[in-house]
1. Relative to the longest principal axis of the chain, what angle (0 to 90°, nearest 10) does the C-alpha long axis of helix 87-103 take?
2. Looking at the chain as a GNM with Cα springs under 10 Å, which of 46, 95, 84 has the largest mean-square fluctuation?
3. Rounded to the nearest 500, what is the 222 nm mean residue ellipticity of the chain from helices alone, with -39500 (n - 2.57) per DSSP H run of 4+ residues and division by all residues?
4. Which FRET efficiency value, to the nearest 0.05, do you get for residue 46 and residue 135 by plugging their Cβ-Cβ distance into 1/(1 + (r/R0)^6) with R0 = 41 Å?
5. Among 22, 127, 50, whose mean-square fluctuation peaks in a Gaussian network model of the chain (Cα, cutoff 10 Å)?
6. Round to the nearest 10 and give me the degree value, 0 to 90, for the angle of helix 15-40's Cα axis relative to the longest principal axis of the chain.
7. Mean-square fluctuation check for the chain, GNM, Cα pairs under 10 Å: which of 62, 32, 131 is largest?
8. Given a Förster distance of 25 angstrom, what is the FRET efficiency for residue 67 paired with residue 109, based on the Cβ-Cβ distance and rounded to 0.05?
């Protein structure tokens, strides 16, 4: 009998590594989903769902790489289709997404949001004051 003595008769010896590759891809996608939840606040039960919800918060090239990974997840579970996957491209997509998500600074995002809201409020107050002055000049009070 040729092949792995533990594998069933006729099964290829490399079947264990294929299963490991499929689970590694899904584990990497799960790690990215958890990072997206922690860093971007995106909720989703699966990586595909989290990517769909957080697509606007990602740069376009990372959104496309995330979609490549999301498209590869169902194919990774199928032994014949798994052979057609571009593993270098998937590794590059995972690496780029992980690097971007690791670089996201939550405090800076919060600070930017607060400053944006305060800036909009300040502009509105100045606009109201300017309109009030114009109205008072028009009516002859000033």
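Nothing in this text is a laboratory measurement; each read-out follows from the coordinates by a stated rule. This one's a predicted model, so the numbers in the text were calculated from it and none came from an experiment. Here Cβ is always computed from backbone atoms with ideal geometry, including for glycine, and neighbour counts include all displayed protein chains.
1. Between helix and principal axis, roughly 30 degrees.
2. 84
3. Here the helix-only value at 222 nm equals -25000 deg cm²/dmol.
4. The value I calculate is 0.15.
5. 127
6. The helix 15-40 is inclined about 10 degrees to the chain.
7. Among 62, 32, 131, the largest GNM mean-square fluctuation belongs to 131.
8. Plugging the Cβ-Cβ distance into 1/(1 + (r/R0)^6) gives 0.60.
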